[in-house]
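Trainee: I'd like to ask some things about the structure below.
The values are calculated or read from the model by the stated rules, or taken from the named source; none is laboratory data. Just so it is clear, the structure is predicted and the values come from calculations on it, not from any experiment. Glycine gets a Cβ as well: all are built from the backbone with ideal geometry, and neighbour counts include every protein chain shown.
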Amino acid sequence: MTIKPMPDGGLFGSMPPTEIQPDVVLTNWSVTRISSGADHWDVLLGRCTESGIGRLSTPMMEFNATTAIAITRSGREYLLSGPPGIDEDALYVYEKQFGHVPHERKDVTEEYWNQIQRVLKAKPIESEPK
């Protein structure tokens with residue numbers, strides 16, 4: 001695992017404000033459902049293509065399978081690029097953020113990937129012009 005420093009010089013920490021970075025393209029993305037009591041939140045983990053840094057999102061508020069875009073509580077839009085995967089740096093950030101907090105964690109990536117795949121299969125294939 002290669003841990004890259006954050007823009008603030010640390011190994012994890014605050015990301016740029018949403019006003020400065022309103023959208024992020026994530027590769028090697030996954031979705032984790034965090035549960036504490038009756039409360040549940042789905043958060044994104046993955047590699048930001050712009051910075052090359054592992055990311056952990058705030059909880060998702062909306063998800064559009066047609067565009068593969070999730071909007072999080074912060075208002076940031078995350079484009080899920082390519083198939084899901086595991087990003088070790090993002091997992092590291094997750095553990096630093098939530099490792100000390102009692103909670104249940106479940107990988108729900110397949111739920112979101114299946115939604116994207118259903119949309120892709122439903123789209124008609126455009127034939128080339130003759």
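Trainee: Name the residue that is surrounded by the most Cβ atoms within 10 Å (Cβ to Cβ), counting only residues in segment 75-95 that are among the hydrophobic types (A, V, I, L, M, F, W, C) and under 21 Å from H40 (Cβ atoms).
Mentor: The extreme case among them is A90.
Trainee: Does W29 fit the bill of being in a strand (DSSP E or B), modelled with pLDDT under 95 and within 13 Å of the chain's Cα centre (by Cα)?
Mentor: Considered against the rule, which asks whether it is in a strand (DSSP E or B), modelled with pLDDT under 95 and within 13 Å of the chain's Cα centre (by Cα), W29 comes out as no.
Trainee: Does T72 meet the test of being over 16 Å from E111 (Cβ atoms), at pLDDT 85 or above and buried (at least 18 other Cβ atoms within 10 Å of the Cβ)?
Mentor: Answer is yes for this residue.
Trainee: Still on this structure, I have one more. Can you give me the number of residues within segment 48-62 that are within 18 Å of I116 (Cβ to Cβ) and crowded, with 21+ Cβ neighbours inside 10 Å?
Mentor: Qualifying residue count, segment 48-62: 1.
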